[in-house]
Every structure is written in C-alpha cells, then in structure tokens.
Amino acid sequence: ILVNNINDRQVLVFDIVGAYTIGRLIADAIYLEIDVKTFNRKVILNILSRLKSNSKLVLNLQRLTRKELVNFFEEMFKVVNELGHIAVVIDEVGDIVPQDRGHYAQEVERSVRIGRNYEIKPFIMITQRPQKVDKNVLALSDYYIVMSLTHNLDLEAIQKLIGWSSTEFEEIRKSIKNLNVGEFYLIK
C-alpha cells in the first residue's frame, strides 16, 4: 500500500524472495528478474536504465545466493547513493544486513545512515525477524510499523529498539502477539 502510493519519485523495490513479483504487488511496476552473477557499475546502470520518471522497478533477486545478494547490493548502492532522489524498498532486509554480519552489505548501511542527505526517501526495510537484522541499521529508522510477532527474540528486539523496560513493554508485547491481519502499531 505504501509503495503503490509513492508517486513523486522513482521507486526501486528489491524483492529478495520473489513475493512482490509472483503476486505482482506493485501496480504499474516494471518487473525485472536478476540472474546475472557478476555485478559492476555497468551492469547496475543497465538495470537502473529501466527506471523512467516516477516509475517503479521491482528487482526479483530470488535466484541469487546470499553472497551474490551482498555483492549485488554493494554495487547497486554505490550507484543509488550517487543518483539520489529515489525511494527504496528492501524486503527481507536481514538477508542483506544481518546481525551476525557474515555476508553484510556495508553500502546499504551507509545509505540508511546518510541517504536522506541525497533524497533517498522513504527508505523502507521489511523483515519478519527483526532480531536477525543489524541493530545499527534498525536503530537508524524513524518509524516502525510492527505487525503480529510471536517469537520472543523478535519482540525483545522491538523492545530494545524503542528503549522500554520489560515492564513498560509487557502490555504492548501481549497486544503485538495478538494482532490480526492488517493491524499494526506505528512507533516513532
């Protein structure tokens, strides 16, 4: 819903598991499957050449391994950071900037940190497992939309992000566990 209502700039959607592509979730988007394994500036510029004024480009990355994903994001965000004035959506962001930092895209973290200076906004990161996403990246967010979570480690990650004690968070913890489809908490 958010992405479909961004109309004042180009939108780049990174579909890591193919959910956006399979369901064609973004109206009037250009869908592109990324299956090359070597990424450089020329390849990235060719991909981005598909973006038109105020258009949306969904990049299906489900065929890439974790290492290939990180290499792709490193090259992509070097260019995105230069171009600016774009909206970015990364689904399953924990695959790109994981807490364990095994395969980690530094350029994505850099973009989250300084991208607003280059009009990279909104920068939307989506995860079902906040505990698996690098805490530095999550802490750089201004807003959190929290839908139903049941795993205690994910709930603890949210509690730590908003800086509440266990006692202060207890009522919301119970409520988050029982949210229905379409219900959420908006936390600033």
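The values are calculated or read from the model by the stated rules, or taken from the named source; none is laboratory data. This is a predicted model, so every value here is computed, not measured. No Cβ is skipped: glycine too gets one built from the backbone with ideal geometry, and neighbour counts run over all protein chains shown. These area figures cover heavy atoms from the full protein model, side chains too; ligands, DNA and RNA do not enter into them. Shrake-Rupley method; radii C 1.70, N 1.55, O 1.52, S 1.80 Å.
Among the conditions (1) touching a residue at least 40 places away in the same chain (Cβ under 8 Å); (2) small (Gly, Ala, Ser); (3) open to solvent by 10 Å² or more (accessible area, probe 1.4 Å), the only one that ALA87 does not satisfy is (3). Starting from residues that are of a type in the set (D, E, K, R) and either open to solvent by 80 Å² or more (accessible area, probe 1.4 Å) or in a loop (DSSP other than H, G, I, E, B) (or both), keep the ones in the stretch 8-28 and report whichever is nearest to ASP91 (Cα to Cα). Only one residue fits best here, namely ARG24. Of everything in the stretch 157-172 that is charged (D, E, K, R) and more than 15 Å from GLN131 (Cα to Cα), the residue that is least open to solvent (accessible area, probe 1.4 Å) is GLU170.
Considering only residues of the stretch 29-41 that are modelled with pLDDT of 90 or more and either farther than 19 Å from ALA105 by Cα or assigned to a loop (DSSP other than H, G, I, E, B) (or both), which is least open to solvent (accessible area, probe 1.4 Å)? The residue in question is ILE34.
Among what's in the stretch 136-156 and is among the charged types (D, E, K, R) and without any contact (Cβ under 8 Å) to a residue 40 or more places away in the chain, pick the residue that is least open to solvent (accessible area, probe 1.4 Å). It comes out as ASP154. Within the stretch 95-107, identify whether any single residue is among the hydroxyl-bearing types (Ser, Thr, Tyr), over 12 Å from LEU12 (Cα atoms), part of a helix (DSSP H, G or I) and touching a residue at least 24 places away in the same chain (Cβ under 8 Å), and answer yes or no. No - not one qualifying residue is present in the stretch 95-107. Pairing each residue of the stretch 45-69 that is more than 11 Å from GLU33 (Cβ to Cβ) and crowded, with 16+ Cβ neighbours inside 10 Å with any residue that is basic (Lys, Arg) and modelled with pLDDT under 95, provided the two are 6+ apart or on different chains, yields C-beta distances under 8 Å for LEU57/ARG50; GLU68/LYS37. Taking the stretch 121-135 as the range and being out of contact with any strand residue (DSSP E or B) (no Cβ under 6 Å at 6 or more places or on another chain) and crowded, with 19+ Cβ neighbours inside 10 Å as the test, the residues that pass are PRO130, GLN131, VAL133, ASP134.
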